[in-house]
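Structure first, then comments.
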Amino acid sequence: MGNPALAKAGIAALSAGCVGTGGYCIYKFHDSHGNHMELTTSISDLFKTSQNKVLLTNSSTSEEWNSAWVGYRDANKGKDSDEWKISGFSSKSAEDNAFQEFKDACISRYSIKVKGIEDRSYQQVKDWCTRAKKIAELLSDEEGIELIPENQADQDWKTSWNTYREAHKESSGTNYKETDTWTVTNWSQDKANDTLSTNFKSKCLEQSKKDIVNGKEDDLYKQVKNWCTRKKSPLQRG
């Protein structure tokens, strides 16, 4: 049976091409008269599936905005006019602090409709109006697991610590390696003890706050996922 919504719109055929780890799709339509159409998506919606970037907003920190501004400023040095023709750019081009007109220029572009992540407008926003996504933020999108909370989860942390220890056993399966992946403080003393190492817990929390580079294929992301998470309760999975 045909899709009634498409039929109502006079669309006779639909095809889709999906590419990249971001999972975006470009939908191509042909109406009953054979006219070609493409469905576009807003830049902000595309960033919802980004594995390594987060759009800056009015609630982002000054440090995050300043870093973005310096990137834009430096990319437009030596040009007759800046790419977005931001009011006040010339007078601010020697400053390191982001000004409101630059922030407004970023935010106003989030609603632009594009065909996909290769679009020039998307790439500009990615380069000039984002910060790196944190490992903990990407983990929050995972199905069925979550980062172990810092407090009131001692048993989960103990289980996690023992998983880390097991991952660092010698091939003989009895002794533990002299050095560990994260160089956890006091590893040589704690490795033989199944009691939770608070140094390991601190290292987990520290690693979870680090930036994602490429996405879920990052080695550090995989490590935190394997060693610092627990299963969500059925209630949380909803």
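Got a sec? Which helices (runs of 4 or more DSSP H) wholly within segment 148-238 have at least 1 residues that are among the small types (Gly, Ala, Ser)? Write out each step before concluding.
Values: elements: 154-166, 187-190, 198-208, 219-227, 234-237.
Those helices (runs of 4 or more DSSP H) span 154-166, 187-190, 198-208.
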(message) So if I check each of Ser42, Ser50, Ser111, which one is of a type outside the set (Phe, Trp, Tyr) and either free of Cβ contacts under 8 Å to residues at least 60 places away in the same chain or exposed (fewer than 11 other Cβ atoms within 10 Å of the Cβ) (or both)?
(response) Ser111
(request) Those residues that are loosely packed, with under 13 Cβ neighbours inside 10 Å and of a type in the set (Phe, Trp, Tyr), I need them from segment 53-77; list them, please. (result) none
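If you check Thr181 against the conditions, is it of a type in the set (S, T, N, Q), more than 17 Å from Asn151 (Cα to Cα), surrounded by 12 or more Cβ atoms within 10 Å (Cβ to Cβ) and more than 23 Å from the chain's Cα centre (by Cα)? Steps first, please.
Numbers: of a type in the set (S, T, N, Q): yes; more than 17 Å from Asn151 (Cα to Cα): yes; surrounded by 12 or more Cβ atoms within 10 Å (Cβ to Cβ): yes; more than 23 Å from the chain's Cα centre (by Cα): yes.
For Thr181, the condition - of a type in the set (S, T, N, Q), more than 17 Å from Asn151 (Cα to Cα), surrounded by 12 or more Cβ atoms within 10 Å (Cβ to Cβ) and more than 23 Å from the chain's Cα centre (by Cα) - is met.
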(request) Among the helices (runs of 4 or more DSSP H) lying completely within segment 42-139, list those that include at least 1 residues that are closer than 30 Å to Gln223 by Cβ. (result) 43-47, 62-75, 120-128, 135-139
(request) Could you grab me the full set of residues in segment 164-195 that are in contact (Cβ under 8 Å) with a residue 60 or more places away in the chain and touching a Cys at 6+ places or on another chain (Cβ under 9 Å)? (result) Tyr164
(request) Go through segment 188-204 residue by residue and tally those that are under 31 Å from the mean Cα position of the chain (by Cα) and within 23 Å of Asp219 (Cβ to Cβ). (result) 7
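Looking at segment 99-112, can you tell me whether even one residue there is more than 18 Å from Leu55 (Cβ to Cβ) and touching a helix residue (DSSP H, G or I) at 6+ places or on another chain (Cβ under 9 Å)?
Pass one, segment 99-112, residues more than 18 Å from Leu55 (Cβ to Cβ): 99.
So of that shortlist, the ones also touching a helix residue (DSSP H, G or I) at 6+ places or on another chain (Cβ under 9 Å) come out as 99.
Within segment 99-112, one or more residues are more than 18 Å from Leu55 (Cβ to Cβ) and touching a helix residue (DSSP H, G or I) at 6+ places or on another chain (Cβ under 9 Å).
Where a number appears in this text, it was derived from the coordinates with a stated rule and is not lab data. Because the structure is predicted, anything quoted here is derived from the model rather than measured. Positions of Cβ are backbone-derived with ideal geometry, glycine not excepted, and every protein chain shown enters the neighbour counts.
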